[in-house]
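The values are calculated or read from the model by the stated rules, or taken from the named source; none is laboratory data. Bear in mind that the values here come from a model prediction, so they are computed numbers and not experimental data. Backbone-built Cβ (ideal geometry, glycine too); neighbour counts: all protein chains shown. The area values use the complete protein model at the heavy-atom level, side chains included, leaving out ligands, DNA and RNA. Shrake-Rupley method; radii C 1.70, N 1.55, O 1.52, S 1.80 Å.
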Amino acid sequence: MLTRRLFAGTLAAAAIARPARASALNDDFRALLGEDDDAYFAAIARLRARGGADLAPALIICARFAKWHDEPIFDLLSKITGADHRSWFDWMIWQQRNPDLRPHPGYVDFKREVFYRLDPRFARFIGEGRLENARIRFEEVTWGGVRVDGIEALNAPKMVRAIDADFMLGSDPVLGIEVNGDARAYPLRLMAWHEMVNDTVGGEAIALPFCTLCGAGVPYRAKVDDGAPLRFGTSGLLYRANKLMWDDRTESLWNQFNGEPVIGPLVGSGLKLEALPLVMEPWVRWRERHPETLVLSLDTGKPFNYGSGYVYDRYIRTDAQIFPVAHEGERLRSKDFVFGVKTLGGARAWPVTAFEGGRAINDAVGALNLVLIGDRLGETVRAYDRGDRTFQMRDGRVFADGAEWRVTEDALIAPSGARAPRVAGRTAYWFAWSSFEGPGASLWNDR
């Protein structure tokens, strides 16, 4: 991760040409990131005299990367916006909550220059012509602290049989997926280091991103057309504390949370990744259900410590966020886990604590009638299309129509052969779900 001091030195020394359209305003913003005190305060004075809320987005960038003297930047932001915040974190949240604010005309050039100082390869994603049809505000795109592929994906990784996975503890959480009878487990203790797996499961190309910051893993079918399957990597950029992944064919940026291209050539193409069902549960439970499962091997060729109690352990044990995102925080704590389902008819989330002790919840999202099955550990939820049936759970067993139904990764199956097919959903922190679904995000409660 680049420190402020290193960034300032990089800005001064880098040999990247300034854009021809760079304005005098951008020269002032550059001065705020440099090491010359006289130039810094002269720039503050000129910007103060000019005024205008359209300066705020560029000043918010400066508030993050300025070597020192934060307070004059915060004072200037307060003067031009009427708000009063004393951290880059809070100003980013303010910016998200003011979507109608338009930055000054030179903003894109300035932000590109700053990001290119961090890693010139960011030009592949945000360079000339790539922002024209963006589906997200460029102002809300932030640097995640690593360069392009600084968190390295695992491609066609080695797997081992469950019987040979003596390195796994029963309590280790895994992301479990089954495709065409092929069951795979991806331990979070490895996923936290790599955050992306490109694999073939049940004969199908699968991309499995895991955003440690928002607690969400979503498997997608990686074949979207008649061409070769897309292979994804980690861009190093974030949107609302959610990783932006990139594909190796067009270098478009994709929203990890919903599988849509948001910046680059594929925006407007109609392509969207198809999400597959996934479960997050302790290894002991996944292995009981799938004794023939394969599990991600420790033999990745990388020198990481993949021990239990994974790399973000301190982060997940607090309610604090590392990167700023505005969200609805009244009904749940920021990092309470929810299980969410989004359909064409709407979106809804259920607190995973509602399934403590084992429970079947009959509900609906839009026109889709669902039953959600949670096991006794409380953090494992599966969703199924229940049709017009009502399901119940007793002693860990699922019943409907007077019979016990078998729980599988594909469907709930009755003795008669009737099926309630699985519906893709995701487990995520509440702040991530509510940020993407908005302040009125639908949240189930049993009152």
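So here's what we get for this one:
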quantity: Å² per residue, accessible surface of the chain at 1.4 Å; calculated: 43
quantity: For the chain, with +1 on Lys and Arg beta carbons and -1 on Asp and Glu, the positive-most of 187, 129, 47 along the dipole; calculated: 47
quantity: Rounded, prolate or oblate (a/c below 1.5 giving rounded, otherwise prolate when a/b exceeds b/c) for the chain by Cα gyration tensor; calculated: prolate
quantity: Loop sites in the range 291-333: GluC sites (Glu not before Pro), DSSP, at most 11 other Cβ within 10 Å; calculated: 292, 330
quantity: Charge dipole magnitude, Cβ of K and R +1, D and E -1 - the range 397-447, Cα centre, debye nearest 20; calculated: 40
quantity: Area of residue 286 that stays accessible when all protein chains are in place (1.4 Å probe, Å², to 10); calculated: 0
quantity: Length-normalised contact order for the chain - Cα pairs under 8 Å, 6+ apart - percent; calculated: 13
quantity: Packing rank of 75-86, 133-144, where each peptide gets the mean count of other beta carbons within 10 Å, highest leading; calculated: 133-144, 75-86
quantity: Proximal aspartates and glutamates to residue 342, defined as alpha-carbon separation beneath 15 angstrom and excluding residues fewer than eight positions away on the same chain; calculated: 260, 274, 363, 385, 437
quantity: For the range 250-310: relative contact order, % (alpha-carbon pairs under 8 angstrom, 6 or more apart); calculated: 18
quantity: Extension gain (nm, one decimal) between residue 171 and residue 395, 0.36 nm per residue minus Cα-Cα; calculated: 78.5 nm
quantity: Computed magnitude of the charge dipole of the chain (debye, nearest 20; Cβ of K, R +1, Cβ of D, E -1); calculated: 280
quantity: Cα gyration tensor shape of the range 197-256, rounded if a/c is under 1.5, else prolate or oblate by comparing a/b with b/c; calculated: oblate
quantity: Cα gyration tensor shape of the range 175-229, rounded if a/c is under 1.5, else prolate or oblate by comparing a/b with b/c; calculated: oblate
quantity: DSSP bridge pairs, the chain: antiparallel proportion in percent, nearest 5; calculated: 95
quantity: In the range 265-366, trypsin sites (Lys or Arg not before Pro) in a DSSP loop with at most 15 other beta-carbon atoms within 10 Å; calculated: 272, 317, 331, 333
quantity: Anchor residue 335: lysines whose Cα lies under 28 Å away (excluding residues fewer than 8 positions away in-chain); calculated: 243, 272
quantity: Total charge dipole magnitude, the range 153-247, about the Cα centre, Cβ charges on Lys, Arg, Asp, Glu only, Debye to nearest 20; calculated: 260
quantity: Of all accessible heavy-atom area on the range 113-265, the percent that carbon and sulfur account for (1.4 Å); calculated: 47
quantity: Derived scalar couplings ³J(HN,Hα) [the range 291-297; Karplus, 6.51 cos²θ - 1.76 cosθ + 1.60; whole Hz; x for Gly, Pro]; calculated: x, 9, 4, 9, 9, 4, 7
quantity: Relative contact order (%) - the range 279-426, alpha-carbon pairs under 8 angstrom, separation at least six; calculated: 16
